[in-house]
Amino acid sequence: MPIAKIAPSMLSSDFANLASEADRMIQCGADWLHMDIMANIFSKSYWVLVLVPLQDGHFVPNLTIGAPVIQSLRKHSKAYLDCHLMVTNPLDYVEPLGKAGASGFTFHVEASKDNWQELVQQIKSKGMKPGVALKPGTPVEEVYPLLDGENPVEMVLVMTVEPGFGGQKFMPETMEKVRDLRKKYPSLDIEVDGGLGPSTIDAAASAGANCIVAGSSVFGAPEPAQVISLLRKSVEVAH
């Protein structure tokens, strides 16, 4: 079984102090830093807006972290930057994020059905780990072709809330996908994102998730290190 990886979601951090927040999470025991990259206007010039809702949203209705922010953070941190792209055209983001220093590049299967092979090849060519994400309503079978081919992704992110906003409630019905993935792919990194914390981690860990994204439950805690330790212990005990 793959090892536990705890990834605080920087979407819940203090954006005015992103570098120090990143360092604080690593000091608290985090393995990865989860970077949510959302966009609804996808021209190459539209990278840098942060949490600005617009009227013509495509994949999600918010804009968040972009390549310049990743690049700036990379100058201050050697941490694994786990980038989750909620965008319509992920291929357009591969080169900028690769240059910026992203470590992982997870795209949505709903946005990449026609060009995923090219996308995975490009991600790997830039030195990033490719992953695929799926929304709560997307059947888990949609990601199987991306795992069974000659050039597979290396991680699956099962969204346990609807993508686009932090602070939502964990959807326990999504755990069936995690169980199916773990049974079919015993050594796969399986990530879960949305509503994870002390009250929900056991459900995710027992289903087979080993990469845990947690936002408000970590950043809102008086002692983030204790929460990170609890999340890790639950995964290790379950596995």
Requested in this report: Please determine, by comparing only the residues of the range 96-117 that are open to solvent by 10 Å² or more (accessible area, probe 1.4 Å) and at pLDDT below 95, which one is nearest to MET175 (Cα to Cα).
Outcome: GLU110
**Report entry** Meets criteria (open to solvent by 30 Å² or more (accessible area, probe 1.4 Å) and of a type in the set (A, V, I, L, M)) for ALA207
**Finding:** no
Report task. Only one of these is assigned to a strand (DSSP E or B), closer than 26 Å to ASP14 by Cα, among the β-branched types (Val, Ile, Thr) and open to solvent by less than 60 Å² (accessible area, probe 1.4 Å): VAL192, VAL218, VAL132. Name it. Result -> VAL192
**Report entry** Every pair of residues 6+ apart whose Cβ atoms lie under 6 Å, when the first sits in the range 119-132 and is hydrophobic (A, V, I, L, M, F, W, C) while the second is in a helix (DSSP H, G or I) and at pLDDT below 95
**Finding:** LEU119/LEU91
Report task. State which residue pairs qualify: first residue among the acidic types (Asp, Glu) and inside the range 167-178, second residue surrounded by fewer than 20 Cβ atoms within 10 Å (Cβ to Cβ) and in a loop (DSSP other than H, G, I, E, B) in any location, beta carbons under 8 Å apart, and separation of 6 or more residues or different chains. Result -> GLU173/PRO136
Report task. Can you give me the number of residues within the range 185-215 that are among the small types (Gly, Ala, Ser), touching a helix residue (DSSP H, G or I) at 6+ places or on another chain (Cβ under 7 Å) and within 23 Å of HIS108 (Cα to Cα)? Result -> 7
Report task. State which residue pairs qualify: first residue over 16 Å from ILE3 (Cα atoms) and inside the range 180-207, second residue among the small types (Gly, Ala, Ser) and open to solvent by 20 Å² or more (accessible area, probe 1.4 Å) in any location, beta carbons under 6 Å apart, and separation of 6 or more residues or different chains. Result -> GLY197/SER217
Query raised in the report: Among the residues of the range 73-92, which ones are modelled with pLDDT under 95 and open to solvent by 10 Å² or more (accessible area, probe 1.4 Å)?
Result: THR88, ASN89, LEU91, ASP92
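Do you know which of the residues in the range 164-186 that are among the basic types (Lys, Arg) and over 19 Å from MET86 (Cβ atoms) is most open to solvent (accessible area, probe 1.4 Å)? First the steps, then the outcome.
Step one: filter the range 164-186 for residues among the basic types (Lys, Arg), giving 169, 177, 179, 182-184.
Retained after the next criterion (residues that are over 19 Å from MET86 (Cβ atoms)): 179, 182-184.
Details: ARG179: 107, ARG182: 24, LYS183: 176, LYS184: 101 Å².
Looking at the filtered set, the residue picked out is LYS183.
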Report summary line: ALA16 vs (1) at pLDDT 95 or above; (2) open to solvent by 10 Å² or more (accessible area, probe 1.4 Å): all pass except (1)
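Within the range 144-152, can one find any residue that is among the polar types (S, T, N, Q) and open to solvent by 10 Å² or more (accessible area, probe 1.4 Å)?
Scanning the range 144-152, I find at least one residue that is among the polar types (S, T, N, Q) and open to solvent by 10 Å² or more (accessible area, probe 1.4 Å), so the answer is yes.
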Query raised in the report: Hey, among the residues in the range 1-13 that are assigned to a helix (DSSP H, G or I) and open to solvent by 20 Å² or more (accessible area, probe 1.4 Å), which one's farthest from SER217 (Cα to Cα)?
Result: LEU11
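The values are calculated or read from the model by the stated rules, or taken from the named source; none is laboratory data. Model, not experiment: these values are computed from the prediction. Positions of Cβ are generated from backbone atoms using ideal geometry, with glycine treated the same way; all protein chains shown enter the neighbour counts. Remember, those area values only see protein heavy atoms, side chains included, never the ligands or the DNA or RNA. Shrake-Rupley method; radii C 1.70, N 1.55, O 1.52, S 1.80 Å.
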